[in-house]
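Inspection log for the structure reproduced underneath, given as structure tokens.
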Amino acid sequence: LNQAEERRTYKRILVDHIVESVISVEVPLEQRINKEKLGELLASSLQQHGLHLPFDYNVRKANWDMVFGTCETLTGDVYSRQLYPSDVLSEPYMLGVSFPKKQSYLYKAMGTTIVMSLVLMVVVLVVFFGTLTAMFRQKKLSQMHADFANNMTHELKTPIATIMLASEMMMDETVPAEKKNLGQLAKMVKAQAAKLLALVEQSLRMTLAENSKIYLKWCTLDFHTLATQLIESFTLQINEKGGTIVTDFAAANACIEADELHFSNIISNLIDNALKYNDKAHPHIKIATRNKRDHLVIQVTDNGLGISRDAQKHIFEQFYRVPTGNLHNVKGFGLGLYYVKKIVEEQHGKIWVESKLHEGSCFTIVMRVANASG
């Protein structure tokens with residue numbers, strides 16, 4: 001009953017409105033709309049919805065003739081609405097609004113978001129590739145540590161087994177003393193003990209080089225005197241290989257401030273490498289010096305295997321070993337040159353290498369001479 005009553009009331013109001021529209025005199029649009037206020041009302045409404053940008057508008061008849069507005073022809077996207085849609089018999093009018101700077105406004109509004117998105121994307125990519133690099137580097141380091149452990153284990157087993165065998169022979173009571181050749185056995189034990197000592201020293205050097213702080217005993221030493229002593233200690237090894245070692249001491253001032261023990265190890269390591277990585281019948285090593293301003297330039301040159309351009313980038317890295325091709329009798333752990341570079345830099349020097357495959361290598365060390373000014 002209530003719904004039927006509501007429908008009858010609605011129809012009665014509608015009929016009254018239609019009749020009123022038919023019998024009433026049509027009011028001109030100019031009197032129904034305040035032209036001056038229309039733009040203000042549109043701007044206010046747009047601002048309430050968060051749109052703060054210039055706009056054009058006009059009011060048109062059904063035949064598209066403009067009645068009034070800011071622009072006769074609106075450009076871009078036009079948003080239109082009918083004015084007074086409840087008028088039944090009146091001529092329809094359309095209100096159109098367009099935004100000439102819509103695209104620039106959208107780009108500006110989205111600019112910050114786009115820039116932040118790009119920055120975030122770059123950061124993610126950098127972190128991603130950094131993580132990959134760290135993973136590959138860690139994998140490579142783990143492999144090098146494993147190789148080092150395997151090499152060290154193999155190197156230690158050989159002299160230990162030899163010493164144990166020699167000891168058992170000396171202790172064997174079933175063999176007469178005159179047949180044991182104790183002198184030869186003693187030489188064997190001494191040689192293998194020296195080899196073990198060298199391995200231990202290499203391990204200690206690695207531990208020392210890995211420490212964040214290396215304690216050096218500074219002193220003034222004459223490199224020419226030091227080099228001469230080191231050459232004498234290598235005489236036996238050089239003669240066994242049928243090689244030669246010469247000097248060209250052209251430096252007038254060969255005195256440097258350094259740690260004598262560590263600097264001796266540096267030069268010994270370079271000479272030892274020059275002998276090990278050499279497939280020539282007669283290895284040739286040259287140690288030369290010269291002065292350059294207030295620095296001493298030391299060069300250790302050999303005629304050995306040489307180092308490829310790619311390998312030269314890595315030879316001073318920890319555990320890195322230069323491939324030796326068909327030369328399989330070279331022993332080492334990839335620690336020597338890492339130790340050399342670290343100690344040289346700790347003593348405020350510089351070191352680099354110049355080399356060509358099958359033509360030899362030249363290691364250059366530059367140290368400040370003692371009592372140099374500046």
Exercise for the section: Taking 7 Å along the Cα-to-C-beta vector as the label spot, tell me the Val366-Gln3 distance in nanometres, rounded to one decimal. Expected result: 10.0
Fill in the blank from the handout: Per the 1/(1 + (r/R0)^6) rule, R0 = 30 Å and r from the Cβ atoms of Leu51 and Met121, FRET efficiency to 0.05 is 0.50
Fill in the blank from the handout: Checked against a 19 Å limit on the C-alpha separation, the offending pairs among Lys276/Lys350; Lys292/Lys313; Lys313/Lys342; Lys286/Lys342; Lys276/Lys356 are Lys276/Lys350; Lys292/Lys313; Lys286/Lys342
Handout entry: the range 266-323: trypsin sites (Lys or Arg not before Pro) in DSSP loop, at most 14 other beta carbons within 10 Å
Key = Arg293, Lys313
Problem - Segment Leu141-Cys219, extension gain: residue separation times 0.36 nm, minus the distance between their alpha carbons - result: 24.5 nm
Handout entry: Order of exposure, largest accessible area first, which applies to Thr225, Thr289 with probe 1.4 Å
Key = Thr225, Thr289
Problem - ³J(HN,Hα) computed for each position of the range 356-370 - Karplus, 6.51 cos²θ - 1.76 cosθ + 1.60, integer Hz, glycine/proline x - result: 9, 4, 6, 10, x, 9, 9, 9, 10, 10, 10, 10, 6, 6, 5
Completion exercise
Sparse-neighbourhood loop hits (chymotrypsin sites (Phe, Trp or Tyr not before Pro), the range 54-106; DSSP loop; Cβ within 10 Å at most 14 others) -> Trp64
Practice task
Over the residues of the range 48-128, compute the C-alpha Rg and express it relative to 2.2 N^0.38 Å.
Solution key: 1.75
Exercise for the section: Calculate, in nm to one decimal, what Thr131 and Ala62 gain on full extension: separation in residues at 0.36 nm each, minus their alpha carbon distance. Expected result: 18.2 nm
Problem - Extension gain from Lys187 to Lys11, taking 0.36 nm per residue of separation minus the Cα-Cα distance - result: 50.6 nm
Problem - Per-selection Kirkwood Rh - the range 254-299 (Cα, Å, 1 d.p.) - result: 12.4
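The values are calculated or read from the model by the stated rules, or taken from the named source; none is laboratory data. Predicted model, so just to flag it, every value in this text is computed and none were measured. Positions of Cβ are generated from backbone atoms using ideal geometry, with glycine treated the same way; all protein chains shown enter the neighbour counts. SASA here: full protein model, heavy atoms, side chains in, ligands and nucleic acids out. Shrake-Rupley method; radii C 1.70, N 1.55, O 1.52, S 1.80 Å.
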